[in-house]
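Q: Below is the structure I would like to discuss, written out as structure tokens.
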Amino acid sequence: MQQTRLANTEVTETKPPLTIRLCQPRGFCAGVDRAIQIVVLALKKYGAPVYVRHEIVHNRYVVEGLQNLGAVFIEELSEIPDDHRHCPVVFSAHGVPKSVPADAVARNLFYLDATCPLVSKVHKQAMRHQRLGRHVLLIGHAGHPEVIGTMGQLPEGAVTLIETEGDARSFTPADPLALGFVTQTTLSVEDTAHIIEALQERFPAMQAAAAESICYATTNRQEAVKETAPGADLYLVVGAPNSSNSRRLVEVAERAGARMSLLVQRATDIPWQEVGDITTLGLSAGASAPEIIVDEIIDAFRARFDVSVELAVTATETEDFPVMRVLRDVELTKADMAFVNGTR
Ligand code: SF4
């Protein structure tokens with residue numbers, strides 16, 4: 001930081017200039033927004049506790065905010081005490097295998113399914129392939145809840161997971177003429193295109209889903225990062241380490257020419273020593289990262305730099321997924337969502 005000596009010997013600090021290229025769109029997508037709204041509205045309508053199976057979206061800050069409001073996060077339905085069976089249980093935005101709602105019914109639980117409609121669409125596409133006699137190839141990451149949910153729509157053995165181009169090259173189908181593919185919604189557009197190319201080269205008869213499975217929010221956020229990364233001294237993506245779409249944004253920034261690209265959950269994660277003398281910062285947020293953290297990051301830079309924010313608008317998103325009918329009679333106010341959206 002430079003110092004300026006004034007005539008009366010008073011010393012003031014002159015902050016170095018910093019341009020922040022702020023991506024638009026960034027942060028919450030319509031599916032994440034809807035899932036959080038479902039938990040908030042269920043708490044308003046039915047009172048605490050509301051159980052939530054798995055992190056509703058992959059973000060610690062969101063989970064803790066909902067816990068403060070009375071949500072209880074569980075991994076399995078068996079964790080709900082017998083005397084709480086009347087309390088609602090919400091399924092996360094990533095989707096669940098068919099066995100989960102079936103288990104909820106068997107346990108006589110009242111469940112609210114917050115699966116993103118775009119994930120449900122992929123489930124339907126996978127089921128359609130199977131109905132038409134095709135073996136389903138799911139391009140995605142092993143162990144991700146969305147992949148577990150999509151595989152769990154079909155009987156065991158009906159789906160093969162393809163994680164890499166290597167998998168695409170080594171996979172041996174029973175019938176190469178009866179194949180269909182779908183993808184996880186939050187993959188790298190570029191990597192997925194290479195995997196699909198490799199599969200199509202080997203199995204020209206393979207059928208695509210009727211519509212693109214990588215969702216609009218993933219595509220738009222990657223595109224915005226790609227446009228703002230070239231020449232950036234540092235790129236920060238707000239998001240959690242277990243958020244697939246956030247991690248992809250970090251990779252996209254690096255590939256597109258940012259000198260350094262990092263995932264941060266909070267402003268306290270910024271490694272100031274490494275940041276050093278930068279003049280251009282790229283900033284985006286994964287689809288599960290709240291805007292309030294983006295504000296926090298910008299404020300942290302303002303404390304050290306003379307910041308000017310350049311909004312880089314690369315797409316306009318109008319998607320808005322309504323909550324289920326049973327919650328539509330509850331009013332959702334700006335104050336209800338201030339814990340994630342802030343009050344600005
Ligand atoms: S990232 Fe895409 S698929 Fe996932 S919740 Fe958001 S809109 Fe839905």
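The values are calculated or read from the model by the stated rules, or taken from the named source; none is laboratory data. Bear in mind the structure is a predicted one, so any value in this text is a computation, not a measurement. In this analysis, Cβ positions are derived from the backbone assuming ideal geometry, glycine residues included, and neighbour counts consider all displayed protein chains. Side chains are part of the model used for accessible areas, which takes the heavy atoms of the whole protein and leaves out ligands, DNA and RNA. Shrake-Rupley method; radii C 1.70, N 1.55, O 1.52, S 1.80 Å.
Q: Conditions: (1) surrounded by 23 or more Cβ atoms within 10 Å (Cβ to Cβ); (2) more than 16 Å from the ligand (Cβ to nearest atom). S243 meets all but one. Number of the miss?
A: (2)
Q: Which one of these is buried (at least 17 other Cβ atoms within 10 Å of the Cβ) and modelled with pLDDT under 95: V237, V252, V264, V275?
A: None of the others qualify; the one that does is V275.
Q: Follow-up. Could you figure out which of (1) open to solvent by 30 Å² or more (accessible area, probe 1.4 Å); (2) within 16 Å of the ligand (Cβ to nearest atom); (3) assigned to a helix (DSSP H, G or I); (4) farther than 30 Å from L43 by Cβ isn't true of K121?
A: Only one criterion in (1) open to solvent by 30 Å² or more (accessible area, probe 1.4 Å); (2) within 16 Å of the ligand (Cβ to nearest atom); (3) assigned to a helix (DSSP H, G or I); (4) farther than 30 Å from L43 by Cβ is unmet by K121, namely (4).
Q: Now for a different question. Within segment 325-334, identify whether any single residue is touching a residue at least 12 places away in the same chain (Cβ under 8 Å) and closer than 26 Å to Q222 by Cα, and answer yes or no.
A: No, segment 325-334 contains no residue that is touching a residue at least 12 places away in the same chain (Cβ under 8 Å) and closer than 26 Å to Q222 by Cα.
Q: Turning to a different aspect of this structure: If a residue counts only when it is more than 22 Å from the chain's Cα centre (by Cα) and at pLDDT 95 or above, which strands (runs of 3 or more DSSP E) contained entirely in segment 1-70 have at least 2 such residues? So that I can check it myself, show each step before the final result.
A: Numbers: elements: 2-5, 11-14, 17-24, 50-53.
In segment 1-70, 17-24 are the strands (runs of 3 or more DSSP E) which contain 2 or more residues that are more than 22 Å from the chain's Cα centre (by Cα) and at pLDDT 95 or above.
Q: Still on this structure: Do you know which residues across segment 75-109 are surrounded by 15 or more Cβ atoms within 10 Å (Cβ to Cβ), of a type in the set (A, V, I, L, M, F, W, C), more than 16 Å from the ligand (Cβ to nearest atom) and not in a loop (DSSP other than H, G, I, E, B)?
A: L77, V89, V100, A104 - these are the residues of segment 75-109 that are surrounded by 15 or more Cβ atoms within 10 Å (Cβ to Cβ), of a type in the set (A, V, I, L, M, F, W, C), more than 16 Å from the ligand (Cβ to nearest atom) and not in a loop (DSSP other than H, G, I, E, B).
Q: Out of (1) touching a Lys or Arg at 6+ places or on another chain (Cβ under 6 Å); (2) within 16 Å of the ligand (Cβ to nearest atom); (3) more than 27 Å from V63 (Cβ to Cβ), the odd one out for F321 is which?
A: It is condition (3) that F321 fails.
Q: Note down all Cβ pairs under 8 Å where the first residue falls in segment 38-57 and is touching a residue at least 40 places away in the same chain (Cβ under 8 Å), the second is of a type in the set (S, T, Y) and more than 16 Å from the ligand (Cβ to nearest atom), and they're at least six residues apart or on different chains.
A: Listed by first residue and then by second, the contacts come to nothing, as the list is empty.
Q: Continuing with the same structure: Only one residue in D269, D299 is touching a helix residue (DSSP H, G or I) at 6+ places or on another chain (Cβ under 8 Å), under 29 Å from E55 (Cβ atoms) and open to solvent by 20 Å² or more (accessible area, probe 1.4 Å), so which one is that?
A: D299
Q: If only one of A210, A224 is among the aliphatic types (A, V, I, L, M) and within 16 Å of the ligand (Cβ to nearest atom), which one is it? Even if it seems obvious, please write down each step before you answer.
A: Details: A210 fails: within 16 Å of the ligand (Cβ to nearest atom).
Checking each option against the conditions leaves just A224.
Q: Can I ask one more? Kindly list the number of the only condition in (1) closer than 18 Å to V313 by Cβ; (2) away from the ligand (no atom under 14 Å from the Cβ); (3) in a strand (DSSP E or B) that fails for A232.
A: (3)
Q: Quick one: which of L22, L18, L41 is more than 16 Å from the ligand (Cβ to nearest atom) and over 30 Å from K226 (Cα atoms)?
A: On the way: L22 fails: over 30 Å from K226 (Cα atoms); L18 fails: over 30 Å from K226 (Cα atoms).
Result: L41 is the single residue among L22, L18, L41 that is more than 16 Å from the ligand (Cβ to nearest atom) and over 30 Å from K226 (Cα atoms).
Q: Now for a separate question. Residues being touching a residue at least 60 places away in the same chain (Cβ under 8 Å) and of a type outside the set (A, V, I, L, M): count how many of those fall in segment 116-142.
A: 8
Q: While we're here: One residue is enough: does segment 171-184 have a residue meeting the conditions within 16 Å of the ligand (Cβ to nearest atom), under 27 Å from A287 (Cα atoms), open to solvent by 30 Å² or more (accessible area, probe 1.4 Å) and touching a residue at least 60 places away in the same chain (Cβ under 8 Å)? Before you say what the answer is, go through the steps one by one.
A: Here is the first cut: in segment 171-184, the residues within 16 Å of the ligand (Cβ to nearest atom) are 182-184.
Pick out the ones that are also under 27 Å from A287 (Cα atoms) and you get 182-184.
Checking which are open to solvent by 30 Å² or more (accessible area, probe 1.4 Å) leaves us with none.
Within segment 171-184 (the criterion being within 16 Å of the ligand (Cβ to nearest atom), under 27 Å from A287 (Cα atoms), open to solvent by 30 Å² or more (accessible area, probe 1.4 Å) and touching a residue at least 60 places away in the same chain (Cβ under 8 Å)), the answer is no, since none of the residues qualifies.
Q: For segment 225-236, give me each residue that is aliphatic (A, V, I, L, M) and either more than 16 Å from I297 (Cβ to Cβ) or touching a His at 6+ places or on another chain (Cβ under 8 Å) (or both).
A: Here is the first cut: in segment 225-236, the ones aliphatic (A, V, I, L, M) are 225, 229, 232, 234, 236.
Of everything in segment 225-236, just one residue is aliphatic (A, V, I, L, M) and either more than 16 Å from I297 (Cβ to Cβ) or touching a His at 6+ places or on another chain (Cβ under 8 Å) (or both), namely A229.
Q: Separate question: What single numbered condition from (1) within 30 Å of E310 (Cα to Cα); (2) part of a loop (DSSP other than H, G, I, E, B); (3) open to solvent by less than 20 Å² (accessible area, probe 1.4 Å) fails to hold for L154?
A: In the conditions (1) within 30 Å of E310 (Cα to Cα); (2) part of a loop (DSSP other than H, G, I, E, B); (3) open to solvent by less than 20 Å² (accessible area, probe 1.4 Å), L154 misses (1) alone.
Q: Could you check A338 against (1) open to solvent by less than 50 Å² (accessible area, probe 1.4 Å); (2) within 16 Å of the ligand (Cβ to nearest atom) and say which number it fails?
A: Only one criterion in (1) open to solvent by less than 50 Å² (accessible area, probe 1.4 Å); (2) within 16 Å of the ligand (Cβ to nearest atom) is unmet by A338, namely (2).
Q: Filtering segment 45-60 down to residues that are out of contact with any strand residue (DSSP E or B) (no Cβ under 8 Å at 6 or more places or on another chain) and surrounded by fewer than 17 Cβ atoms within 10 Å (Cβ to Cβ), which residue is nearest to A240 (Cα to Cα)?
A: Step one: of segment 45-60, the residues out of contact with any strand residue (DSSP E or B) (no Cβ under 8 Å at 6 or more places or on another chain) are 45, 47, 57-60.
With the extra rule that they be surrounded by fewer than 17 Cβ atoms within 10 Å (Cβ to Cβ), the set shrinks to 45, 47, 60.
Working: K45: 30, G47: 28, R60: 7 Å.
By that ranking, first place goes to R60.
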